[in-house]
1. Once neighbouring chains are kept in place and the probe is 1.4 Å, which whole percent of the accessible area of region 96-173 is contributed by carbon and sulfur?
2. What's the ranking of 307-313, 102-108 by average number of surrounding C-beta atoms within 10 Å, highest first?
3. Rounded, prolate or oblate, given the Cα gyration tensor of region 182-221, with a/c below 1.5 counting as rounded?
4. Roughly how large, in nm² to one decimal, is the mean projection of the convex hull of the alpha-carbon atoms in region 303-346?
5. Could you tell me the calculated FRET efficiency between Lys294 and Glu201, based on Cβ-Cβ distance and R0 = 51 angstrom, to the nearest 0.05?
6. Does region 200-275 come out rounded, prolate or oblate, given a ≥ b ≥ c as the square roots of the eigenvalues of its C-alpha gyration tensor, rounded meaning a/c under 1.5 and, failing that, prolate meaning a/b above b/c?
7. Let me know the shape class of region 238-342, please: from the alpha-carbon gyration tensor, a ≥ b ≥ c as square roots of the eigenvalues, rounded when a/c is under 1.5, otherwise prolate if a/b is greater than b/c, or oblate.
8. Restricting to Cα pairs below 8 Å that are 6+ residues apart, what does the relative contact order work out to for region 26-143? Please round to a whole percent.
Amino acid sequence: MRSSRSLRRLAPIALLAIALALAACSDPQTTVDPKSDFADDIQFVYLLTFWLGMAVFIGILALTIGLAFWYRERPGRVAKQIHGNTRLEIVWTLIPVVLVVVMAVPTWQVIADSSKPAPDDALRVNAIGRQWWFEFQYDLDNDGEYDDLITANELHIPAGRPVTFSLLADDVIHSFWVPQLAGKVDMVPGHVNDLWFTPHEDAARAEAYLGQCAEFCGTAHANMRFRVFVDTPEGFDAWVANEQADGAEPADELAQLGQELFLTPVWTLPGGGGGILGCTGCHTVAGAPGAVGKIGPNLTHVGSRSTIAAGILDTNFENLVAWISNPDREKPGADYNDDTARFMPAFETVLTREQIEAIAVYLLGLQ
Ligand code: CUA
């Protein structure tokens, strides 16, 4: 008795705590605010299934409560025994069959629609999953070569125009998912999956749509994110023009020093025990002599991206210094130091703090 009374007293407090916790939730990765035709279709199937399920839930609950009330034990009433009821059995078999058909037909329709080839005027992009970041290669002139523009972890697409992705992977299986736009479709090594959608005309906004790898792909899977910026057509053209330009020349002496350090091919380890590759062993900066590495993200316009390290750090001086100093410390699970297949050394072992700061200034200037 006492415990149930204290439970009753605790219930409002628990409810208040849940309400406060929910009020603190923002919803940048919501799946119920679609901003493309593909996401609309998924939303339609989801809501259809949800409301049918809700109708079944309420119907069963009402029947359970109603029957328990109507047929409760009453003095003088004796329960009537029955053996089978064919009509009832037909009804409760038919109702689920009808519900499943009502859900299945539109689901098949959506699957068939999303499997159709993309329209000819679609913007073509290769999206490549890597441990643990995304590369995006654009075929802007539609010549079958995805070499017109290469960027990493941040994607720009124009509102109102279809965009078609060839989804690829370099090492293990990843998955492309932008809850408000499209997905989840796996990125499988040695196999191309296609995915296309048209962002709504009014989907353009300054804020990014958040994307996320949706297939467990190793210890840093949770830190493999990307951002999709839906631009106005004019905004997209301006972004393309900027991205196709060479990397900016250093603006001052410090950036100049940073560029020289960035372009140094090999660093000797302290004590002379061999060397490690410099930045250009893995990274490209278009126009900078010798900066043609392809293993890591293309950095030609890294200063203009809102984040670094696959969406986990804001692009700013402190984060760039921290990242170059020791990426493993900033991205738990990446083990970039230990794994030669995705080598990003802790440059604090070969460079001074001042040298790393100069490189960060140079990179920030690559707008
Ligand atoms: Cu890539 Cu999970």
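The values are calculated or read from the model by the stated rules, or taken from the named source; none is laboratory data. Since this is a predicted model, take the numbers as computed values, not measurements. Here the Cβ is made from the backbone with ideal geometry for all residues, glycine too, and neighbour counts use every protein chain on show. These area figures cover heavy atoms from the full protein model, side chains too; ligands, DNA and RNA do not enter into them. Shrake-Rupley method; radii C 1.70, N 1.55, O 1.52, S 1.80 Å.
1. Values: 2000 of 3420 Å².
After summing per-atom areas, the C and S share lands at 59 percent.
2. Values: 307-313: 22.4, 102-108: 12.6.
Per-residue Cβ counts within 10 Å, averaged per peptide and sorted highest first, yield 307-313, 102-108.
3. Because a/c hits 1.5 or more and a/b fails to exceed b/c, region 182-221 counts as oblate.
4. Values: hull surface 12.0 nm².
Its average projected convex-hull area is 3.0 nm².
5. Working: r = 36 Å, r/R0 = 0.71.
Taking R0 as 51 Å, the efficiency between Lys294 and Glu201 is 0.90.
6. Oblate.
7. Numbers: a/c = 1.68, a/b = 1.25, b/c = 1.34.
Because a/c hits 1.5 or more and a/b fails to exceed b/c, region 238-342 counts as oblate.
8. Working: 36 pairs, mean separation 23.7, N = 118.
It comes to 20 percent, rounded to a whole number.
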